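Asker: Below is one structure. I have some questions about it.
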Amino acid sequence: MTEIKTVTAIPAGGKTHEVIELVNNSQDKFIIVNIGQKLADQTFNKITRSKAIAVSNTTGNSRVGAQIEQNLRNKVSVIVCCHQGFMKIDPTLLHGYTVIIDEVPSTINLGSIPVKDTTDILNILGNCCNIDGCKYTLHPDHGNDGIEAIKAQGTRSEKMESMLTALELGSTVTRMGDNEFRWSVVFNWVEHLQHADSIYMLAAQVEGLATTELMKAQGAVFVPSNDIKPKYSAYNNPKRTKVIPLLTGINYSRNRCVDGNRVLTLDVNGNYKPDGFTVYQQMRINAGAALKHYGKDRFIYTVNSNQENEKWDYGQANFVPYNPHGRNDLVSYEAVICIYQANLDNLQKAECNEIADKHGINLQLLEHGMINQIYHEPIFQAATRGIIRNHEDSDTTYVVIVPDERAANYLLNGHFKGAELVKDFAIDGNKVKLQQEQYERQQHLQSGEFKLTAKWLGIPPEHHNAFKSWKSKNNIDSLEQCINWMNKRNIPTSHLQA
């Protein structure tokens, strides 16, 4: 088992500051691993130890991992780097070092990336599948050189960086179409970290994330530590924070609620209406109503990328990407709105299933952890940027508007414990869905179309199995027979009368 000491505190609560103090006042050797290059640079600039080096993800043509390894061999006292570079080193070189991981790393990347010009990518790929011809790994002859050439261009996105790292770590990339690739990385952090003398992980929240579930399965034991004491570990007067879900009773799903052919529509009173507002439109209206209620006319928001440039009818809106780690320029905001898809797609679910089987992880825990890590944790990070502005202020109300109950519960179970859950502005998605089904049944009845299924007939779930068994055993083929069966069990049938 590998012991990892955890230091938890609210975002911008002083975790990194205390790490810098610890490092500057010690003679021990440290390697500080940051979540991004900007944070790594900020950390390094405050290190006063004479023998300290920062290894940048964007430095020169030599590989980042090799640079870190060379500094480890030279026994450099303090090395500051990013997660991606740290993942590429020979872990046996960590003997004699204390590793400090600043923020829980994302060790599972389940995503795809469109590439306008695939020439550079194809040059570094070697086909590894003769069956369908769409799976690739790093080309054994010129793959690494090709990656360095792409990096030298200096225009790669975070997703491109993630894909290149995946390839360097031996991951398989799948071509999804003419210009889109998909990959997943499962990195064994525990096997990597076990060679260090001591390990600390700093985070706003440790439990409930996919990475930590995976690390536990790989042999990690997380132990809360007081060795590093951030200034703010929790908020004063948490009730001043209002967590407002916009949708209850149903999972927030793109295919059902936001766009596409199965979108739910409703009127201003929240009832199903075939030609009414989409759920997404009504969520935005309700978000504006919540802001107006609490008197917040300046806010930050994050939505699906295709909705980024939509105009808000209320207040002064500022769009931010949904992963605002280190965005301290957001501290002047007292309200944040997050509306975007918060479900894994079918490919992500399939990959989660494969990972869960391989590592013996509960699939539901892993899927929930992925949703938390991809969608809910960024909400938490964005929301807290405004709240940290004045920890002591008991009068200011902070408004955190989230897509659904699932996101709200994640925040309320973390460092927003004690915050107030406000459901006054939420759409009852379950009610709308049931009203939609009833409307569709009436339409089918009027047109003479009968679907003799438990769901279409409106039979409660607890009677589904009995109905299916009866229908199959007796070869039932008429609506009248089904209504008689329902009447005998006191199941309402008025909605089935044309």
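The values are calculated or read from the model by the stated rules, or taken from the named source; none is laboratory data. Bear in mind that the values here come from a model prediction, so they are computed numbers and not experimental data. Using ideal geometry, Cβ is built from the backbone for each residue, glycine included, and neighbour counts are taken over all protein chains shown.
Asker: Condition test on V33, is it part of a strand (DSSP E or B), at negative phi, hydrophobic (A, V, I, L, M, F, W, C) and buried (at least 18 other Cβ atoms within 10 Å of the Cβ)?
Answerer: Yes.
Asker: Mind checking whether some residue in region 322-336 is modelled with pLDDT of 80 or more, in a helix (DSSP H, G or I), more than 17 Å from Y375 (Cα to Cα) and of a type in the set (D, E)?
Answerer: no
Asker: Take the residues in region 448-485 that are touching a residue at least 24 places away in the same chain (Cβ under 8 Å) and within 44 Å of the chain's Cα centre (by Cα); name whichever of them is farthest from Q438 (Cα to Cα).
Answerer: Among those that are touching a residue at least 24 places away in the same chain (Cβ under 8 Å) and within 44 Å of the chain's Cα centre (by Cα), it is H463.
Asker: Select from region 173-190 the residues that are in a loop (DSSP other than H, G, I, E, B) and under 22 Å from the mean Cα position of the chain (by Cα) and list them in ascending order.
Answerer: S184, V185, F187, N188
Asker: If you check I491, I459, which single one turns out to be in a loop (DSSP other than H, G, I, E, B), touching a Phe, Trp or Tyr at 6+ places or on another chain (Cβ under 6 Å) and β-branched (V, I, T)?
Answerer: Selected residue: I459, the only one of I491, I459 that is in a loop (DSSP other than H, G, I, E, B), touching a Phe, Trp or Tyr at 6+ places or on another chain (Cβ under 6 Å) and β-branched (V, I, T).
Asker: Tell me, which strands (runs of 3 or more DSSP E) lie completely within region 191-248 with 2 or more residues that are touching a residue at least 40 places away in the same chain (Cβ under 8 Å), under 30 Å from V432 (Cα atoms) and within 24 Å of the chain's Cα centre (by Cα)?
Answerer: In region 191-248, 241-245 are the strands (runs of 3 or more DSSP E) which contain 2 or more residues that are touching a residue at least 40 places away in the same chain (Cβ under 8 Å), under 30 Å from V432 (Cα atoms) and within 24 Å of the chain's Cα centre (by Cα).
Asker: Please verify whether K38 is assigned by TED's automatic domain parsing to the domain that holds M215, within 24 Å of V206 (Cα to Cα), touching a residue at least 12 places away in the same chain (Cβ under 8 Å) and surrounded by fewer than 14 Cβ atoms within 10 Å (Cβ to Cβ), treating the condition exactly as stated.
Answerer: Criteria met by K38.
Asker: Output the residues belonging to region 1-41 that are closer than 16 Å to Q381 by Cβ and either within 21 Å of the chain's Cα centre (by Cα) or polar (S, T, N, Q) (or both).
Answerer: T8, A9, I10, P11, A12, T16, N34, I35, G36, K38, L39, listed by residue number.
One line per residue, one yes/no per condition, for (1) farther than 22 Å from H195 by Cα; (2) charged (D, E, K, R); (3) at pLDDT below 85:
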site: S77; (1), (2), (3): no, no, no
site: S112; (1), (2), (3): yes, no, yes
site: G133; (1), (2), (3): yes, no, yes
site: L138; (1), (2), (3): yes, no, no
site: G143; (1), (2), (3): yes, no, no
site: I147; (1), (2), (3): yes, no, no
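Asker: Hey, V99 hits all of (1) touching a Phe, Trp or Tyr at 6+ places or on another chain (Cβ under 8 Å); (2) free of Cβ contacts under 8 Å to residues at least 24 places away in the same chain; (3) within 20 Å of T2 (Cβ to Cβ) but one; which does it fall short on?
Answerer: (2)
Asker: Within region 432-463, track down each residue that is in contact with a Ser or Thr (Cβ under 9 Å, 6 or more places away or on another chain) and modelled with pLDDT of 80 or more.
Answerer: If the condition is that a residue be in contact with a Ser or Thr (Cβ under 9 Å, 6 or more places away or on another chain) and modelled with pLDDT of 80 or more, then V432, Q436, L452, L457, G458, I459 are the ones that fit.
Asker: Against the condition within 30 Å of I108 (Cα to Cα), aromatic (F, W, Y), buried (at least 22 other Cβ atoms within 10 Å of the Cβ) and at pLDDT 80 or above, how does Y398 come out, does it pass?
Answerer: no
Asker: Is it the case, given these coordinates, that K75 is outside the structural domain of G369 (by TED's automatic domain parsing), touching a Leu at 6+ places or on another chain (Cβ under 9 Å), among the charged types (D, E, K, R) and touching a residue at least 40 places away in the same chain (Cβ under 8 Å)?
Answerer: no
Asker: Determine which member of the set L202, L167, L193 is touching a helix residue (DSSP H, G or I) at 6+ places or on another chain (Cβ under 9 Å), closer than 19 Å to C82 by Cα, modelled with pLDDT of 80 or more and not assigned by TED's automatic domain parsing to the domain that holds N25.
Answerer: That would be L167, the only listed residue that is touching a helix residue (DSSP H, G or I) at 6+ places or on another chain (Cβ under 9 Å), closer than 19 Å to C82 by Cα, modelled with pLDDT of 80 or more and not assigned by TED's automatic domain parsing to the domain that holds N25.
Asker: Is it the case that some residue within region 425-444 is assigned to a strand (DSSP E or B), within 41 Å of the chain's Cα centre (by Cα), surrounded by 11 or more Cβ atoms within 10 Å (Cβ to Cβ) and not β-branched (V, I, T)?
Answerer: Yes: region 425-444 contains one or more residues that are assigned to a strand (DSSP E or B), within 41 Å of the chain's Cα centre (by Cα), surrounded by 11 or more Cβ atoms within 10 Å (Cβ to Cβ) and not β-branched (V, I, T).
Asker: N353 passes all but one of (1) modelled with pLDDT of 90 or more; (2) more than 28 Å from E103 (Cβ to Cβ); which number fails?
Answerer: If we test N353 against (1) modelled with pLDDT of 90 or more; (2) more than 28 Å from E103 (Cβ to Cβ), just (2) comes out false.
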